[in-house]
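Please treat every number below as a calculation from the coordinates, not as lab data. The structure displayed is predicted, hence computed values, not measured ones. Cβ atoms come from the backbone with ideal geometry, glycine included; neighbour counts cover every protein chain shown.
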Amino acid sequence: MNCVSGLAPNGGFNLPGPGKRARFAASMRLLRHADFERVYKQGRRHFAAHMTVFYLRREQGEGLRIGFTVGRLLGGAVDRNRMKRRLRESVRLHWPAVSLPVDVVVNPKKSVLKLEFAELGDEIGRAFEVIRKSVERRTK
RNA sequence: CAGCUGGACCGGACGGUCGCUCUCGGCGCUUCGGCGGCGAGGGAGGAAAGUCCGAACUCCGCAGAGCAGUGUGCCGGAUAACGUCCGGGAAGCCGGGUUCAAGCCCGGUUGACGGCUAGUGCCACAGAGAACAUACCGCCUGGUGCAUCUUCGGAUGCUCGGGGUAAGGGUGAAAAGGUGCGGUAAGAGCGCACCGCCGCGGCAGUAAUGCAGCGGGCAGGGCAAACCCCACACGGAGCAAGACCAAAUAGGGAGGGAUUCCGAGUUCGCUCGGAUCGUGCCGGCUCGGCGCGUCACAACCUCCGGGUAGGUCGCUUGAGCCCCGCAGUAAUGCGUGGCCCAGAGGAAUGACCGUCCUGCAGGAGCAAUCCCGCAGACAGAAUUCGGCUUACAGGUCCGGCUGCCAC
RNA sequence: GGGCCUGUGGUGUAACGGCAGCACGGAACCCCAUCAAGGUUACAGGUGCGGGUUCAAAUCCCGCCAGGUCCA
């Protein structure tokens, strides 16, 4: 029993509308190892200059959920934490207005550490756009 | 003032907007498990690191003792404990003084420092000889032969083999006490003095050890970060320890209930078909439908226990931090008072901006200063403490040495 | 959280505490009409780094660094 497939998406509290302030609560993140595995094995991939984005349409629930994988190859603990924090902030500020029932995993590259923050945000925005189009096409 | 060096400490500051996480308060929704939003407060380090030691804590194991294994290793103290810390000592190195020299004294510094007069093993090359030492060149001695000189006693030189010698040369990391004087054919602890060494008892000190004395001419080369011996310590695993709740699926255990007849087949265990009875499920009940049925198994129903995903606890009040006082050379201990200081779990402490601070480059200015740009280390809690080790921009304070300037 | 292993020319590997070798590759030359193969020659290292023990260290000891691997 977990809250992810059950209550939170059904309730729909966590969907930020255009007027709402940008948030990034726990229910909007991927929190379980099994979810990551499913997205890696069954999901589709989108390659960008500074990251690779995996995404998978979810059967249950409605909200978009996102997680980050930053492995040991990318640097020490300080650098990896910095990457995750910058990604999280970018995702928070570029959260798509339309609600998508999709799980997303982002694998950053080392350049995320030194990249201009605005540029990182643009790339996240473009990735969300690609995912939105892909999901809408499959739904029809 | 500058450079080098030792120790202690700090590790950019303040504010705004939007986020994350925990706690508390009250609110809304709820399938009563939670979810959402509002307000207030808390939110990385000196090394959080490496995981090299030591503990706490938890589970497992355990009559007692020994072996094996691992670690530690001068002495005393500190401590919960340690391979850590503090103090002391031996020893090495550097500088100065003194001495013919060895050595001794003073100052600084280093400091894994039990035992090779228990055993075993190793010591390449070079060298005559390397552990029951050794005679290559030398030195001394007497002998044979030859040459020269001769005052005809012999002397000198060379060759050969004999003996003595451990001074000198040479080899080596190391050649079996050192220096000086005496002594001698030449030499040698052969003798003496001083130093070193060994033994004995004495004194000082808790002890390591030191000091002086007497005796012995000197045995006992080095290596135990070689095997080893001696003394001491150590049960094993680790918060993914461990405790509790516990889905789905599979499996385990216990219990409950009830039959007879006819026909056919038969390897004589039983099987199949029909009727009847009992029972379980569907159903409010009957009929009906789907199953099962008396040795055992299976099936049905009820109950129990283990346990995975997942969740909760462990989880932060502790050998705790700060101030002051006392004891101690110090490590540290004791006492009064005050304080509560991160607890995540795909893992929170961030993003953007402003002002200031520090450093560096550029520009303006006689200068104080101003403008603009760049940079601000090493690094991120993961059960918790005590250490060690390693990384580290810049800065503050205290001490030592050297140089320059002033008095 | 804990255990174990490795590090030597460019590459792969040897070396009872006593001169750091071997093979491949690269370079030059020879051979050949040419290429390959073959032959000869020298080069390339202070054994991951820093200390210590020893007369002497790749080897023994201590501390770091990098990499690999196993268990929970």
Only bridges whose two residues both fall in the range A:21-139 count here: according to DSSP, what percent of them are antiparallel, nearest 5? 70
Does anything in the range A:65-80 have its amide N under 18 Å from the 7 Å Cα→Cβ label point of A:ALA26, and if so which residues? A:65-68
